[in-house]
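Nothing in this text is a laboratory measurement; each read-out follows from the coordinates by a stated rule. For clarity, every value in this text was computed on a predicted model and none was experimentally measured. Using ideal geometry, Cβ is built from the backbone for each residue, glycine included, and neighbour counts are taken over all protein chains shown.
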Amino acid sequence: MNFYLSALILGLALGAMGWGIYLSLRIFNIPDITTDGSYTLGAAISAVHLAGGGSWLSASILAIIGGALAGTLTGLIHTKLKVNALLAGILIMTAAYSVNLSLMQRSNIPLLQTSNMFNSLSFFKSPILNSLLILIPVLLLLGSLLVYMLKSDFGIAMRATGNAPLMAASMGIPVNTMKIIGLAIANGLTALSGSWVAQYQNFADINMGIGIVIFGLGAVMIGETIMDLFGKRGIIFRILGVIIGCLVFRFVIALSLASGLDPNWLKAVTALLVLVFVSIPRFRGKTLAL
């Protein structure tokens, strides 16, 4: 049971990263590869800060700032230097590896003896139940703020920038500035997720962000597919769908490992899962047409 509860907690902890991917991919139509670097950056910053005796709250804030800076750089390269958004993200992701290694000074930082957001407060004797009670309210608050932002005038301007940039520009919306801010927020959320996962797992590793963008993309697509099946398409349901997608993704991985799957094939299972959920809407459309 603890194995699956741990999968649940990891799925929830990765929710902030899923929201970051949702912002960049669905709001701005930008496949942002910076995610791989900013996720690890958030973990690295938090690990260094916690290992040095810092608090988990300041570690989380510093992680958000670090991720936001990475997203800002990607946005500046894309908008000011007119570099393709995908390439801009790859450049910052590559540079982030060196930054992360420089921060950590080694490939792995253990955090077993440090105080973090999951062990600083004790409500239950079980660490797993305690972690759930802490993480769920934090996610609810963060999700509510995200929904509020996207429904505000600022959020509507962001959505207009992604859906129709020419129309948005004609209405006086600073399109490039919106993209930069959007990527900063998206990568700030991603870095926060990296911070949470590092604190829950009690370590930060230089390679922990490799392929995390696939997880995020898969979570967004899984969530959208599930919500579309129930006819729910509002912003609140999209944000909720991302969390559901993260949980489904983590549970599929947990079930695969529990069934004895060779870990070498885990990435292949991940890719196949994303492919299945990407294909569902297309097959569903053909079925309805028939």
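Relative contact order of the chain: what whole-number percent is it, with Cα pairs under 8 angstrom and at least 6 residues apart? The partial results should precede the final answer.
On the way: 469 pairs, mean separation 97.9, N = 290.
Reported as a whole number, the value is 34 percent.
Using the basic label-point model (7 angstrom from Cα toward the beta carbon), what is the Ala164 to Phe230 distance in nanometres?
Result: 3.1 nm between the two label points.
Which value in Å is the Kirkwood Rh of the range 1-92 over different Cα pairs?
Values: mean 1/r = 0.0694 Å⁻¹.
It works out to 14.4 Å.
Show me the trypsin sites (Lys or Arg not before Pro) within the range 148-253 that DSSP assigns to loop and that have at most 14 other Cβ atoms within 10 Å of their Cβ. If you can, show how the numbers build up before the last one.
Working: sites: Lys151, Arg159, Lys179, Lys232, Arg233, Arg238, Arg250; in loops: Lys232, Arg233.
For trypsin sites (Lys or Arg not before Pro) across the range 148-253 that sit outside H, G, I, E and B with at most 14 neighbouring Cβ atoms in 10 Å, the list reads Lys232, Arg233.
For the range 59-167, which chymotrypsin sites (Phe, Trp or Tyr not before Pro) are in a loop by DSSP, counting at most 15 other Cβ atoms within 10 Å?
Taking the range 59-167 and a limit of 15 other Cβ atoms within 10 Å, the loop chymotrypsin sites (Phe, Trp or Tyr not before Pro) found are Phe123, Phe124.
Can you compute the helix-only [θ] at 222 nm over the chain? Use -39500 (n - 2.57) per DSSP H run of at least 4 residues, normalise by all residues, nearest 500 deg cm²/dmol.
-25500 deg cm²/dmol
Does the range 138-290 come out rounded, prolate or oblate by the C-alpha gyration tensor, with a ≥ b ≥ c the root eigenvalues, rounded set by a/c under 1.5 and, if not, prolate when a/b is larger than b/c and oblate if not?
Oblate.
Peptides 15-27, 132-144: what's the order by average Cβ count within 10 Å, highest mean first?
Most protected by this proxy first, the peptides run 15-27, 132-144.
If you keep only loop residues by DSSP, which trypsin sites (Lys or Arg not before Pro) in the range 77-137 have at most 14 other Cβ atoms within 10 Å of their Cβ?
Lys82, Arg106, Lys125
Just tell me, in residue order, which DSSP H segments of the chain are both 24 angstrom or longer along the helix axis (alpha-carbon based) and at least 1.6 in mean Kyte-Doolittle hydropathy.
85-104, 127-151, 212-229, 235-258
Would the range 87-149 count as rounded, prolate or oblate if I go by the C-alpha gyration tensor, calling it rounded below 1.5 in a/c and otherwise prolate when a/b exceeds b/c, oblate otherwise?
It is oblate, given that a/c is not under 1.5 and a/b is not larger than b/c.
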